[in-house]
Amino acid sequence: MSNVTLIVFFLFVAFWVYSIISVYKGRFKEEKQKAFWLIGVVFVPPLAIFFFFMKKNLLLK
């Protein structure tokens, strides 16, 4: 892996962790809203990366 790739990866992880903490500490009208956002922030980025690699592999075949 190149240095640029590692820097981008660590920036992504840092922003991801910041987003999770921000949602956790944020004020919402209902707890259901906080749970919805936490689920979204935690699960959507890995699913997007997984989809990207699956799509890439499908296009190469």
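The values are calculated or read from the model by the stated rules, or taken from the named source; none is laboratory data. Since the model is a prediction, treat every value here as computed from it, not as a measurement. Areas reflect the complete protein model, heavy atoms only, side chains present, ligands, DNA and RNA absent. Shrake-Rupley method; radii C 1.70, N 1.55, O 1.52, S 1.80 Å.
Could you do me a favour and compute the accessible area per residue for the chain, 1.4 Å probe, result in Å²? Before the final figure, lay out each step's value.
On the way: 5830 Å² over 61 residues.
Using a 1.4 Å probe on heavy atoms only, each residue of the chain averages 96 Å².
On the protein heavy atoms, probe 1.4 angstrom, tell me the percent of accessible surface of the chain carried by carbon and sulfur. List each step's numbers first, then the result.
Details: 4380 of 5830 Å².
With neighbouring chains kept in place, the figure for the chain is 75 percent.
From the Cα gyration tensor of the chain, with a ≥ b ≥ c the square roots of its eigenvalues, which class applies: rounded if a/c is under 1.5, or else prolate if a/b is larger than b/c, or else oblate?
Values: a/c = 6.55, a/b = 1.67, b/c = 3.93.
Because a/c hits 1.5 or more and a/b fails to exceed b/c, the chain counts as oblate.
Using helices alone, I'd like the mean residue ellipticity at 222 nm for the chain: each DSSP H run of four-plus residues gives -39500 (n - 2.57), total over residue count, nearest 500.
Details: 2 runs with 53 residues, N = 61.
Rounded to the nearest 500, the figure is -31000 deg cm²/dmol.
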